[in-house]
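The values are calculated or read from the model by the stated rules, or taken from the named source; none is laboratory data. All figures in this text were calculated on a predicted structure; none of them were measured in a lab. Note that each Cβ is placed from the backbone with ideal geometry, even for glycine, and that neighbours are counted across all protein chains shown.
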Amino acid sequence: MQNSKKAFKEALKYIPGGVNSPVRAFKSVGTNPLFIDSGKGAYIKDIDGNSYIDYVQSWGPLLFGHCDEDIMKACKKALKKGSSFGAPTLLETKLAKAILKEFKHIDKIRFVSSGTEATMSAIRLARGYTKRDKILKFDGCYHGHSDSLLVSAGSGAATFNTPSSLGVLEDVAKNTLVATYNDIKSVEALFDKHKDIACVIIEPIAGNMGLVPAKQEFLEKLQALCKKNGTVLIFDEVMSGFRASFHGSFGINGIEADIITFGKVIGGGLPAAAFGAKDEIMSILSPLGGVYQAGTLSGNPLAMAAGLASIKKAKKDKNLYKNLGKLAYRLSSGLKEAANAANIALQTCCVGSMFGFFFNENEVNNYQDARKSNLQHFASFHKAMLKRGIYLACSQFEVGFICAKMNEKMIDTTINAAFESMKEL
Ligand SMILES: *Cc1c(COP(=O)(O)O)cnc(C)c1O
């Protein structure tokens, strides 16, 4: 890893922390990040020439792995015509149609370039629509880095929130209420106290505190509470959309949110995200209505082409998600066995092509539970797996992704590595 080490030292001189997104710094596992040279299918290669099975897959977007032929072909075709116009192109309508066809409960969709923009805009839209100020989120859910959303539950009283970043105003944080995931009582308490909640935003399958799916009953009650209070329900499916199932969380729990945000897979590895809702809500968005939202590169033709190719390909393969799910289950079960063999407490979970594991004695239902995990064990495990050619997300609070280029043999290689690694903890 000498070249990566050198490259990181050089990057540190010019880029804060040497990275352009903090999780890439490998800080929580206490090592240097790998610099990646290239990827092909399930594998990535670092600049020292080491090869790894990649369970990060760019943090979710690459449903078909690196350099998928169909996605590359679509991108090349689009690139030849020009990379950006700042004017409408046919590809935008095509991708909009392809997505809306799958979600009958949303009528219109607006494309942006990142998940952060999608959730930020969805919240502005919900506030404009309800003419209310407050928003409610869940501790441990991540919705990008806009000010209103960088708020976490303060210690002590559940209604006391604190900015989770310097530079976020207390004044902004005070309008963000924070509840406990999978705990409907914590939500009811906030609705009892606050009559002016514009929206509830939630990852219906949380993937940013490790993998923690919301319970069906919890989501149903949450939706009922929103309906009763005239509050907009936003499902943030930036990660789970076209990942947990073809129809994201909707394909699993059938719950119709008022606004859905997408990202990651819908850009096929290029920067695209979106938010969609019924006409009644979307019609107040500019240029039709008074909620402003814009973007120079929104609906970028390369990103639309990559996203469209991904979604078409996913739609065509009727067994895709079943197969991804089988591999995810095989891996989770194997990790669990490896932990058992080494007498290490491990909780495992998988939903569609997403998998997660916690070094934890108990079942994890929310962020408080997740935080009780053994982070030392995670860091050692991560390092031990990396040494054996397995590239996992570098934090206990992230998930892993199966891509369509993976097979049972790769999974079994990974499980064998886990057996050896667990013994080293
Ligand atoms: C990744 C993610 C975001 C943020 O998307 P970016 O493209 O990184 O801005 C928002 N919400 C969820 C659930 C995510 O997983």
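Data overview
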item: Exclusive hit being over 18 Å from the mean Cα position of the chain (by Cα), within 15 Å of the ligand (Cβ to nearest atom), at pLDDT below 95 and part of a loop (DSSP other than H, G, I, E, B), set 155, 165; result: 165
item: Residues satisfying the stated conditions in region 326-350, i.e. under 17 Å from residue 397 (Cα atoms) and assigned to a helix (DSSP H, G or I); result: 332, 335
item: Residue 277 being buried (at least 24 other Cβ atoms within 10 Å of the Cβ), within 14 Å of residue 103 (Cβ to Cβ) and away from the ligand (no atom under 16 Å from the Cβ); result: yes
item: Residue among 308, 297, 335, 302 that is at pLDDT 95 or above, touching a Lys or Arg at 6+ places or on another chain (Cβ under 6 Å) and not β-branched (Val, Ile, Thr); result: 308
item: Listing of strands (runs of 3 or more DSSP E) fully contained in region 1-55 that carry 1 or more residues being within 30 Å of residue 407 (Cα to Cα) and among the polar types (S, T, N, Q); result: 36-40, 51-54
item: Odd one out for residue 409 among (1) in a helix (DSSP H, G or I); (2) in contact (Cβ under 8 Å) with a residue 40 or more places away in the chain; result: (2)
item: The one condition in (1) in contact with a strand residue (DSSP E or B) (Cβ under 6 Å, 6 or more places away or on another chain); (2) in contact (Cβ under 8 Å) with a residue 24 or more places away in the chain; (3) within 24 Å of residue 61 (Cα to Cα) that residue 417 fails to fulfil; result: (3)
item: Near pairs, Cβ below 7 angstrom, 6+ apart or cross-chain, from region 237-265 (in contact (Cβ under 8 Å) with a residue 40 or more places away in the chain and part of a strand (DSSP E or B)) to any residue that is within 11 Å of the ligand (Cβ to nearest atom) and of a type in the set (Ser, Thr, Tyr); result: 261/119
item: Conditions (1) in contact with a helix residue (DSSP H, G or I) (Cβ under 7 Å, 6 or more places away or on another chain); (2) polar (S, T, N, Q); (3) within 30 Å of residue 216 (Cα to Cα); number of the one not met by residue 293; result: (3)
item: Extreme residue, farthest from residue 351 (Cα to Cα), among residues of region 188-234 that are within 16 Å of the ligand (Cβ to nearest atom) and β-branched (Val, Ile, Thr); result: 200
item: Given (1) free of Cβ contacts under 8 Å to residues at least 40 places away in the same chain; (2) polar (S, T, N, Q); (3) in a loop (DSSP other than H, G, I, E, B), number of the condition residue 293 does not satisfy; result: (1)
item: Subset of region 75-133 [free of Cβ contacts under 8 Å to residues at least 40 places away in the same chain, over 20 Å from residue 282 (Cβ atoms) and hydroxyl-bearing (Ser, Thr, Tyr)]; result: none
item: Identity of the residue in region 80-130, assigned to a strand (DSSP E or B) and among the hydrophobic types (A, V, I, L, M, F, W, C), that ends up farthest from the ligand (Cβ to nearest atom); result: 109
item: Pick from region 142-151, criterion closer than 17 Å to residue 198 by Cβ and surrounded by fewer than 19 Cβ atoms within 10 Å (Cβ to Cβ), ranking: farthest from the ligand (Cβ to nearest atom); result: 147
item: Lone qualifier among 197, 202 - being surrounded by 15 or more Cβ atoms within 10 Å (Cβ to Cβ), outside the structural domain of residue 373 (by the TED database) and within 19 Å of the chain's Cα centre (by Cα); result: 202
item: Matching residues, region 12-53, being surrounded by fewer than 17 Cβ atoms within 10 Å (Cβ to Cβ), touching a Gly at 6+ places or on another chain (Cβ under 7 Å) and among the hydrophobic types (A, V, I, L, M, F, W, C); result: 12
item: Total residues in region 168-197, condition assigned to a helix (DSSP H, G or I) and of a type in the set (Phe, Trp, Tyr); result: 1
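Yes/no matrix, rows are residues, columns are (1) surrounded by fewer than 20 Cβ atoms within 10 Å (Cβ to Cβ); (2) not acidic (Asp, Glu):
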{"site": "102", "(1), (2)": "yes, no"}
{"site": "105", "(1), (2)": "yes, yes"}
{"site": "117", "(1), (2)": "no, no"}
{"site": "121", "(1), (2)": "no, yes"}
{"site": "126", "(1), (2)": "no, yes"}
{"site": "132", "(1), (2)": "no, yes"}
{"site": "140", "(1), (2)": "no, yes"}
{"site": "164", "(1), (2)": "yes, yes"}
{"site": "207", "(1), (2)": "no, yes"}
